[in-house]
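What follows is a single structure, written as structure tokens, with notes after it.
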Amino acid sequence: MEKTLVLLKPDAVQRGLCGEIIARLERTGLKIVGMKLMQVSEDLANRHYGEHVGKPFFGGLVGFITSAPIVAMAFEGNNAVSIVRKTMGATNPAESPPGSVRGDFGVDIGRNLVHGSDSPESAVRELGLFFSADELLSYGRATDSWITE
Ligand code: DAT
Ligand code: MG
């Protein structure tokens, strides 16, 4: 089953929006299989955002993600990557539609509240950075057969 990494970034935690964002992700039917409050180290930030090294916003991005606690989550389900990305909206809140997390709660590309892996391959890599194998749980829900055929 496909899994994806979600980060509720420091702005989401500071603004008290974690519950709102988790509720939106949870009600899609995707299953929470990992979750923790944590402070991202500079080393972890550099590895997580490795694809952006050298871009003009890289320093600000690392400074931001390490500035205050985040909530790291793993969601599981068919098409988990694309469903989370759709729920998040576009990278720039100004271009993100109403009904999306970034469109409803953001104004600035550097304060866009939430991270979601951009492909199943990225998800495997990123989940490995944020979670050990024993932190990702496998369990059934009574509703599973009402969510997935
Ligand atoms: P996404 O988070 O939608 O996957 P991304 O991987 O291209 O977007 O970029 C990672 C983060 O970097 C993004 O959430 C916000 C920041 N970022 C991207 N482009 C930026 C830009 N042009 N100026 C400032 N921050 C930017
Ligand atoms: Mg990305």
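Past 23 Å, Cα to Cα: identify those pairs from Lys31/Lys55; Lys55/Lys86; Lys9/Lys36, in the order given.
The answer is Lys31/Lys55; Lys55/Lys86.
At q = 0.19, 0.21, 0.27 Å⁻¹, what log₁₀ I(q)/I(0) does segment 100-149 have when each alpha carbon counts as one equal point scatterer in the Debye sum?
-0.94, -0.95, -0.94
Can you compute log10 of I(q)/I(0) for segment 62-149 with the Debye formula, treating each Cα as one identical point scatterer, at q = 0.21, 0.23 Å⁻¹?
-1.17, -1.25
Kindly provide the helix-only [θ] at 222 nm of the chain, computed as the sum of -39,500 (n - 2.57) over DSSP H runs of four or more divided by all residues, to the nearest 500 deg cm²/dmol?
-10000 deg cm²/dmol
To the nearest 10 square angstrom, what accessible area does Ile109 show with a 1.4 Å probe?
100 Å²
Which far-off residues, 5 or more places away or on another chain, put their amide H under 5 Å from the one on Met35, with H placed in the peptide plane?
Amide H to amide H, under 5 Å and 5 or more residues apart or across chains, Met35 pairs with Ala74.
Around Gly29, which amide H atoms from residues at least 5 apart in sequence, or from another chain, sit under 5 Å from its own amide H, with H modelled in the peptide plane?
Here nothing satisfies the definition.
In the P(r) worked out for the chain, what percent of Cα pairs fall beyond 20 Å?
When all Cα pairs of the chain are counted, 47 percent exceed 20 Å.
Viscosity 1.002 mPa s, temperature 20 °C: give me the Stokes-Einstein translational D for segment 1-79 in µm²/s, with Rh taken as the Kirkwood radius over C-alpha pairs.
So the translational diffusion coefficient is about 159 µm²/s.
The values are calculated or read from the model by the stated rules, or taken from the named source; none is laboratory data. Nothing here was measured: the structure is a model prediction, and the numbers come from that model. Just so you know, the surface numbers come from the protein's heavy atoms only, side chains and all, with ligands and any DNA or RNA stripped out. Shrake-Rupley method; radii C 1.70, N 1.55, O 1.52, S 1.80 Å.
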